[in-house]
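Bear in mind these aren't lab numbers, they're just calculated from the coordinates by the rules spelled out. This one's a predicted model, so the numbers in the text were calculated from it and none came from an experiment. Every residue, glycine as well, gets a Cβ built from its backbone with ideal geometry; the counts of neighbours run over all protein chains shown.
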């Protein structure tokens, strides 16, 4: 899969607030236009996410109601069309996603679809060892409980797109994690361009 430099990453930090459990330490990351021009972008993303230890791959419909994942981080890859999402709850930020964008959502990040093009399609995955929990609506559980669970969700040990390097490490870690013996991936992985 071809890709551009990840210098186009934007980071958005949302504080926990009344009715939503945004992660207090980890920002949302938008990798603008990093995806290549593959004929079958969905299949290419499935392969790259899997090679980088991000599982539970599926097509994703983003709800028009605020929701969050309590026990999993999530990556969304836009494979067709565009959409406007509200991140971080009612007082959050509107983010436009277009084909070839990736959006990395820390556990607890409130997100909802404001509007999408008729051909908007996205795929998602979660870090190995995490299961995408049921999408939870704000107020399903006490806020204090949600914040504790969100904060305890383990950080991924790989970037979903760049593997053992990439924006995830720049923004989610003070120091890169020690890798747990996961084999090096060969061929076809994205590499940072100079």
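Note on residue 37 and residue 15: with the Förster distance fixed at 30 Å, the Cβ-Cβ geometry gives a FRET efficiency of about 0.20. Sequence-distant contacts, meaning Cα pairs under 8 Å at least 6 residues apart, place the relative contact order of the range 41-126 at 42 percent. For the range 36-154, the equivalent ellipsoid derived from the Cα gyration tensor has semi-axes of 24, 18, 10 Å, listed largest first.
For the range 1-97, the C-alpha radius of gyration sits at 1.15 times the compact-globule guess of 2.2 N^0.38 Å, with N the residue count. Listed peptides 20-29, 48-57 appear in the order 20-29, 48-57 once ranked by packing, highest mean of other Cβ atoms within 10 Å at the front. Its Kirkwood hydrodynamic radius, worked out from the mean inverse distance over all distinct Cα pairs, puts the range 96-172 at 14.8 Å.
Quickly rank 94-106, 33-45 as a protection proxy: mean count of other C-beta atoms within 10 Å, highest first.
Answer by packing, highest mean first, reads 94-106, 33-45.
Take every Cα pair under 8 Å whose residues are at least 6 apart in sequence, average their separation, divide by the length of the range 1-99, and the relative contact order is 23 percent.
Our summary gives the range 77-147 a relative contact order of 37 percent, counting only alpha carbon pairs under 8 angstrom and 6 or more residues apart. Per-residue extension of 0.36 nm, minus the Cα-Cα distance of residue 98 and residue 149, leaves a gain of 15.2 nm for this segment.
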